[in-house]
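Undergrad: Could you have a look at this structure, given as structure tokens, before my questions?
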Amino acid sequence: MKTAFSGIQPTAIPTIGNYLGALRNWVALSKTHRCVYSVVDMHAITVRQDPENLRKRVREVYALILACEPDPENTVLYVQSHVAAHAELSWILSNYTMFGELNRMTQFKDKSAKHADNINAGLFTYPVLQAADILLYDADVVPIGEDQKQHLELARDIALRFNGIYGNVFVVPEPMIPKTGARIMSLLDPARKMDKSDPNPGGYISMLDSRDAVITKCRRAVTDSGSDVRYDPVEKPGVSNLMTIYAICTGKTLEETESDFAGSGYGAFKTAVGEAADALLDPIRRRAQTLIQSPTHLDRLMAREAERAHAVADPVLRRVREVIGLLPRK
Ligand code: TRP
């Protein structure tokens, strides 16, 4: 079995877009791959976080991923900071990463612009920590969105450079980018991707939103002039986005969706989209809520999973320490 590694930042509750674009795929992969998934809290602190909020979010995001039910046999799901090897390998790899390489990263440029008052060194070396995440687990494939392609390319360059010096220490990972189609846009601005950190919660459907909230948000979604439910992303981006959500949630095609709502007008269509989204999210939300309500159980699970992750990462870290000449511990 090949190994897949991916991470998700606990900066906000994942949206239906994150579910359809990423988490759903994580679950599917767990049937064919050994999967290592991480809630990357150390990446999250590159942007200032409120401590209480961070604790809460990590538990919620962790519970939500569990609630999506990846195959437990093949999946390790852990909190990044619970496995100290990430920080250690990240420091080591930073000595094999060039300033110029990091300086070219578009996410760093975007985030520096967004957080101009806090352009810290962690934000700059963020991709090195990400490379450490991936390389620690001998990952063959890394399911990611288009926006993470550059970071994965850098992880590959670091692995190749390191291997070039010391021999085949790291597995060189391949990106796994889902073909376009499940790209869910903001409900209020269909030109932008649905974003879990959108300051206006009306733009996204969070995976923990109540049924009422989901339906209300869909009813308030921006639609286009006219009144026919027709798939046309250029002329009717708002309606087309809602159609995509409806089609994926119900398993129908876009043609079936079109004919389902022929002549019904936007109102009934938007309510139906909300109901379909709620039907998809409801079982996941219920399982997640149960977990969130028992934090001790959740903490026990996290501890066990951190042990499992450590068991995979530790031999890789030892290999690295040895080849570069660090004396063994103990
Ligand atoms: N940077 C990724 C994001 O913002 C999250 C992430 C951290 C990640 N480490 C990773 C993704 C390792 C894939 C592999 O989405």
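Undergrad: Quick one: in the stretch 158-171, which of the residues that are within 14 Å of the ligand (Cβ to nearest atom) and β-branched (Val, Ile, Thr) is farthest from Trp26 (Cα to Cα)?
TA: By that ranking, first place goes to Ile158.
Undergrad: With surrounded by 15 or more Cβ atoms within 10 Å (Cβ to Cβ), within 10 Å of the ligand (Cβ to nearest atom), farther than 18 Å from Thr11 by Cβ and small (Gly, Ala, Ser) as the only criterion, which of Ala85, Ala132 stands out?
TA: One residue alone meets the criteria, Ala132.
Undergrad: Read through the list (1) closer than 19 Å to Tyr19 by Cβ; (2) in contact (Cβ under 8 Å) with a residue 40 or more places away in the chain; (3) in a helix (DSSP H, G or I); (4) touching an Asp or Glu at 6+ places or on another chain (Cβ under 9 Å), then give the number of the only condition that Gly238 fails.
TA: The number of the failed condition is (1).
Undergrad: Also, quick follow-up: Go through Ala155, Ala139 for me and flag whichever is in a helix (DSSP H, G or I), crowded, with 16+ Cβ neighbours inside 10 Å, outside the structural domain of Cys249 (by TED's automatic domain parsing) and within 10 Å of the ligand (Cβ to nearest atom).
TA: Only one candidate qualifies: Ala155.
Undergrad: Sort out which residues of the stretch 158-192 are of a type outside the set (Val, Ile, Thr) and crowded, with 20+ Cβ neighbours inside 10 Å, and write them in order of number.
TA: Ala159, Phe162, Phe170, Pro173, Met185, Ser186, Leu187, Pro190
Yes/no matrix, rows are residues, columns are (1) over 20 Å from Leu20 (Cβ atoms); (2) in contact (Cβ under 8 Å) with a residue 40 or more places away in the chain; (3) part of a loop (DSSP other than H, G, I, E, B):
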| residue | (1), (2), (3) |
| --- | --- |
| Lys217 | no, yes, no |
| Ser227 | yes, no, yes |
| Lys252 | no, no, yes |
| Glu255 | no, no, no |
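Undergrad: For the stretch 21-37, indicate whether the set of residues that are away from the ligand (no atom under 14 Å from the Cβ), assigned by TED's automatic domain parsing to the domain that holds Val128 and either in a strand (DSSP E or B) or free of Cβ contacts under 8 Å to residues at least 12 places away in the same chain (or both) is non-empty.
TA: Within the stretch 21-37 (the criterion being away from the ligand (no atom under 14 Å from the Cβ), assigned by TED's automatic domain parsing to the domain that holds Val128 and either in a strand (DSSP E or B) or free of Cβ contacts under 8 Å to residues at least 12 places away in the same chain (or both)), the answer is yes, since at least one residue qualifies.
Undergrad: Just to be sure before I move on: is Asp189 touching a residue at least 12 places away in the same chain (Cβ under 8 Å), touching a helix residue (DSSP H, G or I) at 6+ places or on another chain (Cβ under 7 Å), within 14 Å of the ligand (Cβ to nearest atom) and among the charged types (D, E, K, R) in the structure I sent?
TA: No.
Undergrad: Cβ contacts < 7 Å: first residue without any contact (Cβ under 8 Å) to a residue 60 or more places away in the chain and assigned to a helix (DSSP H, G or I), restricted to the stretch 96-111; second residue more than 12 Å from the ligand (Cβ to nearest atom) and among the aromatic types (Phe, Trp, Tyr), any location; separation 6+ or different chain. Result?
TA: Leu102/Phe124; Phe108/Phe124
Undergrad: Taking only the stretch 106-129 into account, find how many residues are near the ligand (Cβ under 10 Å from one of its atoms) and within 14 Å of Met42 (Cβ to Cβ).
TA: Counting residues in the stretch 106-129 that are near the ligand (Cβ under 10 Å from one of its atoms) and within 14 Å of Met42 (Cβ to Cβ) gives 3.
Undergrad: Could you tell me which of the residues Met194, Met176 is within 16 Å of the ligand (Cβ to nearest atom) and not assigned by TED's automatic domain parsing to the domain that holds Ala22?
TA: Of the residues listed, the single one that is within 16 Å of the ligand (Cβ to nearest atom) and not assigned by TED's automatic domain parsing to the domain that holds Ala22 is Met194.
The values are calculated or read from the model by the stated rules, or taken from the named source; none is laboratory data. Small disclaimer: the values here were computed from a predicted structure and weren't measured. Don't worry about glycine lacking a Cβ; one is built from the backbone with ideal geometry, like all the others, and counts go over all protein chains shown.
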